[in-house]
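Enquirer: Questions regarding the structure given below will be posed in turn.
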Amino acid sequence: MKLLVITLFVGWAAVAQSADLSVRIKDAPVDGVLMFQVYDSANAFGDFRNPVKEVRPERRSDGTYFIDDVPAGDIALLVYVDENNNGVIDKNFIGIPREPLGISNNYRPKGPPVFSRAAFPVAENETVTVEIQIYKVLGERGRLGVGAGVIGRGSPYVGSDTTVLQPIPAITYNGERLQWLGPNVQYGIAGTDWWRLAVSASYRVGVYEESDSVALAGLGDRNSTLMAGLGMRFEVPGGVNLSLRYEHDVLDNIGGGSATARLSKGFQAGWFRFAPQLQVNWLSSELTNHDFGVPPEAATVIRPEYDTGSSVTYEVGFGSFIELTEDWRIVLNISTEFLPSEIVDSPIVADDHVIKGFAAITYVF
């Protein structure tokens, strides 16, 4: 009897804490299935995953839909047009929706969505009227952003406390296939809702100039170059992203290539999105020797020849995204790369780690 009373109370409480929505849809395309998703979590909303409620109603000629039993409290509503009827929001390589959608409060983010901008309160047993206007996140030709940025890298070299800082124009572009984000460019070539394959290219900044310290004198300035290759991105359950990439020096300024594997997970707090990252890097002998080796022709009595060979390094860091307004945003990525013994034992290396990062402020049209 006691168990029955508890069960009935819990069931009553769950019903009492629910509300209803009356949703008016505007500018929905004729084709495609309308999918309604209700969110009560900032982290889930930030990735458009794991909604607390999902509804796929029949199309109505008057554009008005009714959603019952949504959780009371602050919620956000997403409506998207499932153009290919596969039950998920199709996204580009970096996770931006490619299918038309609409968000409560007429919120139109140009980066990871912020829950507080889309959220609205609903009370228990209340029916709230919501108007959703459908639009294309990427527009007809994608979205262009302009601003200013800087690439930074610390110095692990003997006698050098120089930080490499290189200002760059922070031009960004996000299209259905092409993404240009600061020093990185990607073009999606294949994929599904949980994996995507892209051609990638990135600018690799030179790590030192020989004038940075006496220990580097005579080695010559290190070259910057363009790396290009292939990248894959997987959306793992739990909101974790796995990225794999191999890139090669296509300008042959250095030679060789690098491979990376990165795990990251985003968390949302107000306008601020924080994504811890763990990365493993493999560097070919050409790249490692270029950065940390001593070639025979540059060897001296106090700086013997040193061949690092290929190496594996580890990085711990974070990426962050701050939406100042729907148009202005700050992007920041900082990490610490831990160097293995075959690099640290080089006669020109003093530290076992390197701090590096990228920061930019952009305006998105």
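Enquirer: Just going by the charge dipole of the chain, with Lys and Arg at +1 and Asp and Glu at -1 on Cβ, which of I254, V137, L219 is farthest out on the positive end?
Expert: Highest projection toward the positive end goes to V137.
Enquirer: In addition: If packing is taken as the average count of other Cβ atoms within 10 Å, what order do 59-72, 29-42 fall into, highest mean first?
Expert: Highest-to-lowest ranking by the protection proxy: 29-42, 59-72.
Enquirer: Ranked highest first by the average count of other Cβ atoms within 10 Å around their residues, in what order do 260-272, 178-190 fall?
Expert: 178-190, 260-272
Enquirer: Quick one: 3J(HN,Hα) in Hz for the range 236-251, Karplus 6.51/-1.76/1.60 with θ = phi - 60°, rounded, Gly and Pro as x.
Expert: For the range 236-251, the Karplus-derived couplings read 7, x, x, x, 8, 10, 10, 10, 10, 7, 10, 9, 10, 6, 7, 8 Hz, x marking Gly and Pro.
Enquirer: Tell me the Kirkwood hydrodynamic radius of the range 121-272 in angstroms, computed as one over the mean inverse distance between distinct C-alpha pairs.
Expert: 19.2
Enquirer: Oh, and also: Under unit Cβ charges (Lys, Arg +1; Asp, Glu -1), what dipole magnitude, rounded to 20 debye, does the range 143-364 have relative to its Cα centre?
Expert: 940
Enquirer: Then there is this: Which number comes out as Rg/Rh for the range 144-206 once both Rg and the Kirkwood Rh are worked out on C-alpha atoms?
Expert: 1.14
Enquirer: Under a point spin-label approximation (7 Å from Cα along Cα-to-Cβ), what is the D69-E126 distance to one decimal in nm?
Expert: Going by the 7 Å Cα→Cβ label model, 2.2 nm.
Enquirer: Quick one: Karplus J couplings for the range 291-306, per residue in order, coefficients 6.51, -1.76, 1.60, θ = phi - 60°, nearest Hz, x for Gly and Pro?
Expert: My calculation for the range 291-306 gives 7, 10, x, 10, x, x, 5, 9, 6, 10, 4, 9, 9, x, 4, 8 Hz in order.
Enquirer: Sum -39500 (n - 2.57) across every DSSP H segment of at least 4 residues in the chain, then divide by the residue count to get the 222 nm mean residue ellipticity, nearest 500.
Expert: Helix-only estimate at 222 nm: -2500 deg cm²/dmol.
Enquirer: Hey, what angle do you get for helix 2-16 against the long axis of the chain, alpha-carbon based, 0 to 90 degrees rounded to 10?
Expert: 80
Enquirer: Could you list which residues have their amide H under 5 Å from that of K53, counting only those 5 or more apart in sequence or on another chain, with H placed in the peptide plane?
Expert: Placed amide hydrogens put V38 under 5 Å from K53.
Enquirer: Once you list every other residue whose beta carbon is under 11 Å from the beta carbon of T172, what net charge do they have if Lys and Arg are +1 and Asp and Glu are -1?
Expert: Computed value for this residue: +3.
Enquirer: Moving to a separate point now. Can you work out ³J(HN,Hα) from phi for every residue in the range 207-219, in order, using Karplus 6.51 cos²θ - 1.76 cosθ + 1.60 and θ = phi - 60°, giving whole Hz and x for Gly and Pro?
Expert: Coupling constants for the range 207-219: 8, 7, 10, 5, 7, 5, 7, 4, 5, 9, 4, x, 7 Hz.
Enquirer: Rounded to whole Å and ordered largest first, report the semi-axes of the equivalent ellipsoid of the range 31-177 derived from its Cα gyration tensor (root of 5λ).
Expert: So the equivalent ellipsoid measures 39, 19, 13 Å along its semi-axes.
Enquirer: While we're on this one: Which residue, chosen from I322, I355, S243, occupies the Cα position most advanced towards the positive end of the dipole of the range 143-364, where the dipole is computed from +1 (Lys, Arg) and -1 (Asp, Glu) charges on Cβ about the Cα centre?
Expert: My answer, from the dipole projection, is I322.
Enquirer: If you wrap a convex hull around the C-alpha atoms of the range 257-355 and split its volume per residue, what is the figure in Å³?
Expert: Convex hull volume per residue, Cα atoms: 121 Å³.
Enquirer: Might you report the magnitude of the Cβ-based charge dipole of the range 233-309 about its Cα centre, with Lys and Arg at +1 and Asp and Glu at -1, to the nearest 20 debye?
Expert: 680
Enquirer: Further, regarding this structure: Using 7 Å Cα-to-Cβ label points, what is the N84/A228 separation (nm, one decimal)?
Expert: Inter-label distance under the simple model: 2.6 nm.
Enquirer: Run the paramagnetic zone check for S41: 7 angstrom along Cα to Cβ, then residues of the range 55-78 with backbone nitrogen under 15 Å.
Expert: Label zone hits: 71, 75-76.
Enquirer: While we're on this one: Sort 196-204, 215-223 by the packing proxy (mean of other Cβ within 10 Å over each peptide's residues), most packed first.
Expert: Result, highest mean first: 196-204, 215-223.
Enquirer: Which entries of K136/K356; K26/K265; K26/K53 show an alpha-carbon separation above 27 angstrom in the structure shown?
Expert: The answer is K136/K356; K26/K265.
Enquirer: Please report the net charge: other residues with Cβ closer than 15 Å to the Cβ of K26, K and R +1, D and E -1.
Expert: Here the charged neighbours net out to +2.
Enquirer: Placing +1 at every Lys and Arg Cβ and -1 at every Asp and Glu Cβ, with all other atoms neutral, what dipole size does the range 19-133 have around its Cα centre, in debye to the nearest 20?
Expert: 460
Enquirer: In the chain, what % of DSSP beta bridges are antiparallel (nearest 5)?
Expert: 95
Computed from the coordinates by the stated procedures, all read-outs in this text should not be read as laboratory data. Here the structure is a predicted model, which is why all the values come from computation and not from measurement. Every residue, glycine among them, receives a Cβ derived from its backbone with ideal geometry; neighbour counts consider all protein chains shown.
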